[in-house]
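What follows is calculated from the coordinates using simple rules that are stated; it is not laboratory data. Every value quoted in this text rests on a predicted model; they were computed, and no experiment measured them. For neighbour counting, all protein chains shown are included, and Cβ atoms are generated from backbone atoms with ideal geometry for every residue, glycine included.
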Amino acid sequence: MKKLNTILYILILSFLITGCADVSPNAIDCVNESSYGFFGGLWHGLISIFSFIGSLFMDDVAVYAYNNNGAWYDFGFLLGIGAFASSATK
């Protein structure tokens, strides 16, 4: 029963976190909205696994932001993925 509760809590948490992973595929919205920088990339890297799970079931969720500012976003994204991966192995 304890294992079932743990799995249930993980599923609920993953659905709550994927709510932050919205994407705007419309090119006009990407031009008009502000671009994501280092901290946006860091956050997207941290929630990337939840974004990936959400993207399997919903078309408006993506793992990577369309309107990013380039190298700083990429650097933050990789640090976020690395931080998430290193915390998952302990």
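Using the C-alpha gyration tensor of the stretch 34-90, what are the square roots of 5 times its eigenvalues, in whole angstrom, with the largest one first?
Result for the stretch 34-90: semi-axes of 18, 17, 6 Å.
Hey, with R₀ at 30 Å, roughly what FRET efficiency would Phe52 and Met1 work out to, going by the Cβ-Cβ distance, to 0.05?
0.55
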